[in-house]
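Heads up: the structure comes next, in C-alpha cells.
The values are calculated or read from the model by the stated rules, or taken from the named source; none is laboratory data. As the structure is a prediction and not an experimental result, all values here were calculated from the model. With ideal geometry, Cβ positions are generated from the backbone for all residues, glycine too; neighbour counts draw on all protein chains shown.
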Amino acid sequence: MQKLITGTVLKPQGIRGELKIKPFTDSAEVFRSFRRVFLDGEEYKVLGVRTGDGFVYLSLRGVPDRNAAELLRGKEVSIPRDEAPELPAGSYYIADLLGSELVTEEGKLLGILTDITPSGTDVYTMSANGREILFPAAAGVVLHVDTEAKRITLSETRFKEVAVL
C-alpha cells in the first residue's frame, strides 16, 4: 500500500494525548477528512481533529495521555494514497511527481525529478548526469504534467534562466 506523508508530530498538546502536527498539506483543514492515519507503519483511528495557526491537533485511539503522545514525537503522519482527497486541477501530490522524467518541449531528456521543496514557488531538484540541479517551478517553466506517464515538460529557455547549476 502506497502512503502519502501528510505531516510530522511536533509534540504532545495538553494532558489528554492530543498531538500537535506540522502539516505538509496546502491546508491543515484537509486533516478533517482523515478517518485513520499511520505513524511509523502503525494504524491509528482518528477520534478528533482541530486546527489553528497552521497546525493540526489530532486525537487518536490508543493515545490516551501525554505520556503515550510523547512517544510519538517526531514521527511522520501518513495516510494510504487511495484515501487521499482529490486535488483541484493543476495541483499534484509530491509523491505522484517524484521520479518523473523532465523533458523539453522537443522531448529532450533533461533529468529525473528527485525532490520537491514546498514553498511559495516550489523548488524542484533533479538528477542529471550525476549532478543535482535545482530550479523553481515558476510561471512558464513547467508547461505540462503527466502523472500517468511520469513525465513533466519544461520550457528549455525558462529552465536555463532559472536553474541553479
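Overview of results
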| item | result |
| --- | --- |
| Residue list for the range 35-54, restricted to those being of a type outside the set (Asp, Glu), surrounded by fewer than 18 Cβ atoms within 10 Å (Cβ to Cβ) and within 19 Å of the chain's Cα centre (by Cα) | ARG35, ARG36, GLY41, THR51, GLY54 |
| In the range 61-104, the residues that are more than 15 Å from the chain's Cα centre (by Cα), modelled with pLDDT of 95 or more, closer than 28 Å to ALA138 by Cβ and assigned to a loop (DSSP other than H, G, I, E, B) | SER100 |
| Residue identified as touching a residue at least 60 places away in the same chain (Cβ under 8 Å) and farther than 19 Å from LEU4 by Cβ among ARG81, ARG61, ARG73 | ARG73 |
| THR6 vs. criteria under 19 Å from LEU87 (Cα atoms) and in a loop (DSSP other than H, G, I, E, B) | no |
| Residue within the range 144-160 that is among the aromatic types (Phe, Trp, Tyr) and surrounded by 17 or more Cβ atoms within 10 Å (Cβ to Cβ) present | yes |
| Of all residues in the range 124-137 being hydrophobic (A, V, I, L, M, F, W, C) and surrounded by fewer than 16 Cβ atoms within 10 Å (Cβ to Cβ), the one that is nearest to ASP26 (Cα to Cα) | LEU134 |
